[in-house]
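Only the coordinates and a few stated rules stand behind these numbers; no lab work does. This structure is a prediction, so every number in the text was calculated from the model and none was measured. No Cβ is skipped: glycine too gets one built from the backbone with ideal geometry, and neighbour counts run over all protein chains shown.
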Amino acid sequence: MKILQLHADFIEYTPVKKEIRAAEDISPKTVKEQDIVVLFTAFERGDDAGLTATAVGESKDFLAKLGTRRVMIYPFAHLSQDLAPPAEALALLLAMEKEAKAAGLEVYRAPFGWTKALQIKVKGHPLAEMSRSYSKSAPQAQRPKPRRELTESEAMARIKRSDFVNLPETDHRVIGEKLDLFSFQEVSPGMVYLHEKGLVLRNLLVDYLRGELARMGYKEVTTPSLANTALWQVSGHSAHYKENMFLTALGDEEMGMKPMNCPSHFLIYKTRKWSFRELPVRYATFDSLFRNELSGVASGLFRVKALTQDDAHVIAMEEQAGEELSKLLDLMERVYGVFGLQYKVKISTRPDDSMGSDEEWERATDTLVSAVKSRGWAYEIKEKEGNFYSPKIDVDIKDSLGREWQCGTFQLDLQMPKRFGLAYTGSDGKEHTPVVLHRTILGSLERFMGIMLEHYRGALPVWLSPVQAMVIPLSDEHLAYAKVVLDALRAGGVRAEGDFASGTMGGKIRGAQLQKIPYMLVVGKKEEDSGTVALRTRSGEQTFGVKVDDFVARVEGEVAAHR
């Protein structure tokens with residue numbers, strides 16, 4: 001039995017069609033519930049009612065920590081590849097519902113055996129997502145047992161792309177496939193294979209952010225992906241996040257792939273002594289992180305097991321925190337302005353399961369509130385949804401489809417510096433404990449890429465387009481000149497390709513338009529004789545007699561304008 005517990009702002013689903021004969025008979029209607037814990041549940045062979053009782057008991061404790069009694073049981077077969085027969089699964093689902101009601105919970109249940117159109121918005125606090133696995137032999141959360149070695153034919157069968165069927169044309173997975181940006185492979189569930197163009201896109205985001213950070217005096221660092229789990233025991237994450245980590249053994253030591261960067265940054269800070277004159281210290285990183293989300297709930301780039309964040313930590317004196325937070329919010333405004341994104345702000349306060357004194361939390365929260373109020377921003381207070389070590393500002397961006405995505409986050413942390421023994425020498429010659437500002441602007445770069453692909457419907461602006469121009473010769477007779485033009489574009493810094501394969505000019509133009517390439521440069525005898533190109537935009541506008549240098553300058557101007 002596998003369960004994914006999500007504390008959601010809302011869940012909305014509409015039953016679409018029966019996917020198995022044993023599906024429940026219902027009258028399909030749209031259901032939406034707000035501020036609720038959703039239990040995505042898959043029943044496996046060998047499960048019995050005893051396991052449902054254990055699961056409901058643990059879920060009841062989980063709900064108590066969150067201060068809620070509202071729960072939705074949502075059958076979700078994709079969590080397992082060893083499902084119980086439908087009749088047994090339905091009986092267990094009904095038993096689980098009965099058990100939850102008997103436990104005094106306010107219970108809602110999604111129908112069994114139906115394909116459902118689903119929307120869910122998960123809250124941003126550290127207990128909002130937790131996975132559980134149960135079996136007769138070990139009712140507690142556990143790791144999957146090693147599987148037998150595959151035969152050669154079975155192994156070959158696993159080496160194939162993940163197919164996404166019945167998706168709308170506006171879905172980033174469809175767009176990404178058409179633009180040859182990335183793919184998903186069954187051998188790496190919940191992880192993305194970035195193709196050449198996809199990596200160019202991610203690197204463009206990173207390069208843009210690096211430029212902003214360099215002007216603000218950040219120190220970019222990188223740290224190992226693997227560390228002893230003692231690191232997260234000190235930080236307190238082991239008690240709250242261990243089940244979502246990838247763990248392994250190195251000799252007698254338990255090791256983990258890092259799910260977050262902050263503890264590693266603290267270790268770098270501790271390698272030397274710091275004076276108050278040197279603070280704040282600003283660390284930035286674009287390292288890969290690894291989070292063991294259940295693959296069945298993976299949704300393209302929006303929820304991946306391996307991700308890259310635009311992560312940073314500012315270590316400062318507490319009296320510097322307000323000014324540093326203001327600089328971070330300035331950065332956020334600049335970055336979101338580049339993408340034309342609207343946003344709204346939430347401030348999350350101390351959860352029940354947290355570290356530190358009331359007075360410390362009040363100071364930290366007041367600093368966040370003051371920073372937001374000073375800008376005249378409207379904000380929403382999210383009671384008890386802060387991290388276990390700090391209150392935070394969460395920023396939801398709105399895309400062109402009107403959907404909201406939580407991307408930016410800013411946390412003022414007075415607890416981790418004490419746990420890690422961070423210190424600086426003050427003006428009095430004594431050691432003092434700094435504070436830490438944790439922050440991301442874009443959040444997961446993979447997720448942000450998915451948002452942008454849907455926001456722009458694949459037609460990325462020139463500065464973000466992996467291929468900015470396609471050179472198209474009218475015929476093979478003009479191939480040599482087309483290659484000269486291509487070389488000149490690349491020498492001028494334009495990301496350009498040439499379509500020199502056989503085919504008609506019209507077909508090549510349509511192909512470039514389908515790939516959402518901003519510019520097509522068509523060359524024939526007239527262009528070759530005059531040393532120019534015929535310029536065509538992806539929207540169909542045409543300009544003849546354009547000099548290559550003028551086109552390069554045009555692209556340079558458009559790229560510079562985004563800053």
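What to note about this one:
- Think of segment 2-142 as having a plus end and a minus end, set by charges on the Cβ of Lys, Arg, Asp and Glu; of ALA23, LEU118, HIS78, LEU118 sits farthest toward the positive end of this dipole.
- For the chain, calculated [θ]222 nm from helices alone, where every DSSP H run of n ≥ 4 adds -39500 (n - 2.57): -9500 deg cm²/dmol
- For segment 2-142, the share of DSSP beta bridges that are antiparallel, to the nearest 5, is 75%.
- Residue exposure sequence - TRP274, TRP377, TRP232 - by fewest surrounding Cβ within 10 Å: TRP377, TRP274, TRP232
- Less than 5 angstrom separates the built amide H of VAL16 from those of THR115, LYS116, ALA117, all sequence-distant by 5 or more or on a different chain.
- Cα-centred dipole magnitude for segment 462-561, charges only on beta-carbon of K, R (+1) and D, E (-1), debye, nearest 20: 320
- Computed over segment 2-142, relative contact order equals 41 percent, with contacts defined as Cα pairs under 8 Å that lie 6+ residues apart.
- Against the main long axis of the alpha-carbon atoms of the chain, helix 548-561 sits at an angle near 30°.
- The chain: relative contact order as a whole-number percent, Cα under 8 Å and 6+ apart: 11
- The H on the amide N of PHE10, modeled in the peptide plane, is under 5 Å from the matching H of ASP35, LYS121, each at least 5 residues off or on a different chain.
- Proximal aspartates and glutamates to LYS29, defined as alpha-carbon separation beneath 15 angstrom and excluding residues fewer than eight positions away on the same chain: GLU12
- Reach of LYS197 by Cα under 22 Å, taken over lysines that are not fewer than 8 positions away in the same chain: LYS160, LYS178, LYS305, LYS483, LYS508, LYS516
- Label corresponding to Cα Rg over 2.2 N^0.38 Å when calculated from the structure given, among (1) 1.09; (2) 1.05; (3) 0.99: (1)
- Estimated translational diffusion coefficient (Stokes-Einstein, Kirkwood radius over Cα pairs, 25 °C, 0.890 mPa s) of segment 2-142: 161 µm² per second.
- Inter-part distance where segment 181-246 and segment 34-69 are each reduced to a Cα centre, Å: 31
- Of the beta bridges in the chain, as assigned by DSSP with both residues counted there, near 75 percent are antiparallel.
- Computed packing ranks the peptides 510-521, 185-196 as 510-521, 185-196, most packed first, by mean other Cβ atoms within 10 Å.
- The loop-placed trypsin sites (Lys or Arg not before Pro) in segment 43-135, going by DSSP, that have at most 14 neighbouring Cβ atoms within 10 Å of their Cβ come out as ARG45.
- Fully extending the segment from GLU152 to GLU243 would add 29.6 nm, taking 0.36 nm per residue of separation and subtracting the current Cα-Cα distance.
- J(HN,Hα) series, segment 322-333, from Karplus relation 6.51 cos²θ - 1.76 cosθ + 1.60, nearest Hz, glycine and proline x: x, 5, 5, 5, 4, 5, 5, 5, 4, 4, 4, 4
- Those aspartates and glutamates that a straight Cα-Cα span of less than 14 Å connects to LYS392, excepting residues fewer than 8 apart in one chain: GLU360, GLU362, ASP366, GLU380, GLU383, ASP413
- When the pairs LYS101/LYS346; LYS65/LYS98; LYS32/LYS398; LYS121/LYS418; LYS270/LYS382 are compared against a 24 Å limit on Cα-Cα distance, LYS101/LYS346; LYS121/LYS418; LYS270/LYS382 fall above it.
- Summarising the amide proton neighbourhood of PHE112: residues at separation of 5 or more, or on other chains, whose placed amide H is nearer than 5 Å comprise GLU24.
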